[in-house]
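Below is one structure, written out as structure tokens, with a few remarks after it.
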Amino acid sequence: MSDYAVRPITEAECRPTFDLLVRSLHGNPPPDERWERVRESWTAEGRTGAFHDGEPIGIASSFPTTLTVPGGATLEMAAVDGVGVRADWTRRGVLTAMMDAQLHDFAKRGFPVAALHASEALIYGRFGYGVATRMATMQVKKPAPLREGVAASGRVRLLSTDEAIETIPALYRRMDSGRPGAIVRPDLWWPIAFNWHLYADGGNHRVAVHTGPDGDDGFAKFHVVPQNTYLDPERGAALEIHDLHAANPEALAGLWRFLLSVDLVEVVNVRGRPVDDPVGLLLADPRRAQTIGVDDELWLRLIDVPAALAARTYGAAEPVVLEVQDRMLPGNRGRYRVGSDGVECTGADADLQLDVDTLAMLYLGGWEAGPLALSGRITGANAETLARTDALFRTRTQPWTGTHF
Ligand SMILES: CC(=O)SCCNC(=O)CCNC(=O)[C@H](O)C(C)(C)COP(=O)(O)OP(=O)(O)OC[C@H]1O[C@@H](n2cnc3c(N)ncnc32)[C@H](O)[C@@H]1OP(=O)(O)O
């Protein structure tokens, strides 16, 4: 029998579990004033803790949102936003116990999918999470003027902290990209993930908004980091973009034109962009923009495989029969016939076998079946079956979430 208990946290346990999370990520727990700004975002609902003698030793937190899937439908999603185990309790199965409790809780509450961003890539595959979207890190070296003829006729203005907190959530809501992988940012996301960084003690980020003919249609949150030193006093700063969303090509170009024009900056860095981000194509000299890394973004967990498979659309191809394994949620095990006319459970012979984490990788269209087979994640398929799988699962745009949680 274990010497800790895993259970939902109470309201009184919100702050100690938040502090535990922050400490597990090597941060400093917030003083009272900062805690006041985020406490409404960290309620007891959806938070599972591990306790020893009444003291929290682990936390696995989540909030409800929705995920856009290929074809444009949205699915209720549990967003796992904070996982940590106290350093003196690690590698004793605390996370495993919390994940088990959390997955069954999500199933009971009717979430067909869950997702997270992983601090390390070795942790979550064992619990059935697979990398469903990837993100690019890009760097633009100045000077980097836009290509002649790029339409960027709108205006960009900087917001005060209060204006940003007031206006950006509504602007983001209006900019539904329809891209597979996008999520709704619920009210509780903003204080903890966006507003927090606008205050001097949280990062001093600035927010720029683009206005086109129909009103505000894009924004960028950024932060300028000095790079000058005693021996190199004139070195330009690095401008780091933390959140960039545009409703149309003109807004995207207008925001980039502004960000690349900020004085005393020699380089603009941006993480978390879609892997098909077009910034290089906007520039007169495309080599000024480089993709310097591609990382995993959204780790997706299919909680209810039949419901998730049925929610998305598929390309035109003959059906494939997938045989799915799931160690933690055995109800998902089985064979599914996936075709352009829909999905059904079947007793037919399987065309290929895969685990539920690999199915999550295919699900939003972020991976081709070939590399998944070459790496042993898909078994039993010949080249024709893999081509058919791609024709069914491939999406028009690369999936991208663009919201960190
Ligand atoms: C969604 C998010 O919030 S991501 C943030 C995750 N949190 C952090 O990174 C904070 C710092 N780390 C921690 O708090 C903890 O180390 C955790 C949460 C990552 C892991 O918690 P633990 O209680 O140690 O995990 P647990 O003992 O259940 O380990 C389960 C398995 O995963 C493995 N594992 C756990 N963490 C890691 C890791 N960081 N790297 C490699 N393997 C790991 C264990 O070795 C174990 O493997 P086994 O089943 O083959 O023996």
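Remarks
- Translational diffusion of the range 5-111, µm² s⁻¹ [Kirkwood Rh, Cα pairs; Stokes-Einstein; 37 °C; 0.692 mPa s]: 225 µm²/s
- The slack between D53 and A310, meaning 0.36 nm per residue of separation minus the straight C-alpha distance, is 88.1 nm.
- Cβ charges +1 (Lys, Arg) and -1 (Asp, Glu), total dipole of the range 223-314, debye: 200 debye
- Difference of contour (0.36 nm per residue) and Cα-Cα distance, N269 to D201: 22.3 nm
- Taking the Cα centre of the chain as reference, the dipole from Cβ charges on Lys and Arg (+1) and Asp and Glu (-1) amounts to some 480 debye.
- Among residues other than P145 with Cβ under 14 Å from its Cβ, the summed charge is +4 (Lys and Arg +1, Asp and Glu -1).
- Cα pair distances of the range 96-156 binned at 5 Å [whole percent]: 3, 10, 16, 15, 11, 6, 6, 8, 9, 9, 5, 0
- Sorted peptide list for 273-283, 193-203, criterion being average Cβ within 10 angstrom, highest first: 273-283, 193-203
- With all protein chains kept in place, the per residue accessible area of the chain amounts to 47 square angstrom at a probe of 1.4 angstrom.
- Under 27 Å from K221, Cα to Cα: lysines that are on another chain or at least 8 residues apart: K141, K142
- Largest first and in whole Å, the equivalent-ellipsoid semi-axes of the chain read 36, 30, 19, each the square root of five times a Cα gyration tensor eigenvalue.
- Only one residue of L255, W299, A311 has its Cα farthest out toward the positive end of the dipole of the range 172-324, where Lys and Arg carry +1 and Asp and Glu -1 on Cβ, and that residue is L255.
- Surface/4 of the Cα convex hull for the range 136-294, nm²: 10.2 nm²
- Only one residue of G54, G84, T17 has its Cα farthest out toward the positive end of the dipole of the range 5-111, where Lys and Arg carry +1 and Asp and Glu -1 on Cβ, and that residue is G84.
- Bins of 10 Å, starting at 0 and running to the largest distance - Cα pair percent for the range 245-329: 11, 30, 22, 19, 15, 3
- For T229, the shell of other residues with beta-carbons less than 14 Å away shows a net charge of -2, using +1 for Lys and Arg and -1 for Asp and Glu.
- Size of charge dipole - the range 306-393 - debye, nearest 20, with Cβ of Lys, Arg +1 and Asp, Glu -1, no other charges: 220 debye
- The value given for the range 273-405 is a Kirkwood hydrodynamic radius of 16.2 Å, derived from the mean inverse Cα-Cα separation.
- Between the range 90-131 and the range 305-372, the alpha-carbon centres lie 20 Å apart.
The values are calculated or read from the model by the stated rules, or taken from the named source; none is laboratory data. Predicted model only: the values in this text are computed from it and were never measured. No Cβ is skipped: glycine too gets one built from the backbone with ideal geometry, and neighbour counts run over all protein chains shown. The area values use the complete protein model at the heavy-atom level, side chains included, leaving out ligands, DNA and RNA. Shrake-Rupley method; radii C 1.70, N 1.55, O 1.52, S 1.80 Å.
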